[in-house]
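Shown next, in structure tokens, is the structure this report addresses.
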Amino acid sequence: MKTNYATKIYVLLLVSAMTYSSFTSRTPFVKEGTWLATFTIDGREVPFNFEVRGTSAENARIYLRNATELVELEYLIQRDDSLFIPMEPYGAILEARIEKNVLTGVFRRLSTEQPSTTHAFRAEYGKKFSFTENADAPKNTLSTLQSNAFYLLASNASPAL
């Protein structure tokens with residue numbers, strides 16, 4: 001998948017500016033394992049799962065989970081209580097504050113063509129959303145958007161949920 005030039009520049013500048021801080025961070029790194037996250041889009045929550053594999057920003061990887069598909073996010077930057085996760089395949093970045101077993105922040109679209117757009121983001125450690133056949137199950141899920149959810153966010157489109 002082709003990476004947006006603006007995304008590469010942003011990631012390079014972010015990594016350069018925070019390299020020293022990521023090595024001297026006083027806040028513990030996020031826990032390794034499964035996290036349940038939600039984006040808020042047009043007032044609706046869209047849940048998805050991701051996995052953290054590794055014990056520090058320098059050696060960890062994050063994998064977005066969509067059913068059996070895993071999308072690897074290769075770069076993580078931690079600065080004090082903040083975690084930055086560039087999402088190069090989607091031309092975006094997650095910017096989150098680390099609070100024990102919770103991450104709160106924004107999904108920020110990176111583009112030089114349009115003003116920056118953000119969507120609220122929250123993740124909780126140890127929880128997992130599973131898609132069920134239950135009629136009462138929420139209709140606004142990543143399964144309804146499939147892997148296009150992040151593309152919709154990155155392009156600033158309003159999904160029909």
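The values are calculated or read from the model by the stated rules, or taken from the named source; none is laboratory data. Here the structure is a predicted model, which means the values were calculated and not measured. With ideal geometry, Cβ positions are generated from the backbone for all residues, glycine too; neighbour counts draw on all protein chains shown. Side chains included, ligands, DNA and RNA excluded: accessible areas come from the protein's heavy atoms. Shrake-Rupley method; radii C 1.70, N 1.55, O 1.52, S 1.80 Å.
The rows are residues; the columns are (1) modelled with pLDDT of 85 or more; (2) farther than 16 Å from Ser82 by Cβ; (3) part of a loop (DSSP other than H, G, I, E, B); (4) open to solvent by 20 Å² or more (accessible area, probe 1.4 Å).
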| position | (1), (2), (3), (4) |
| --- | --- |
| Thr3 | no, yes, yes, yes |
| Thr34 | yes, yes, no, yes |
| Thr40 | no, yes, no, yes |
| Val46 | no, yes, no, no |
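Which strands (runs of 3 or more DSSP E) sit wholly inside segment 49-142 and have at least 1 residues that are β-branched (Val, Ile, Thr), at pLDDT 85 or above and farther than 24 Å from Thr7 by Cα? Lay out the reasoning, then the answer.
Working: elements: 61-66, 69-73, 77-79, 82-87, 92-99, 102-109, 118-125.
Counting at least 1 such residues, we get 102-109.
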I'm trying to understand the selection: among the residues of segment 54-81, which are crowded, with 17+ Cβ neighbours inside 10 Å and within 21 Å of Leu110 (Cβ to Cβ)? Ala57, Ile62, Leu64, Leu73, Tyr75, Leu76, Ile77, Gln78, Arg79
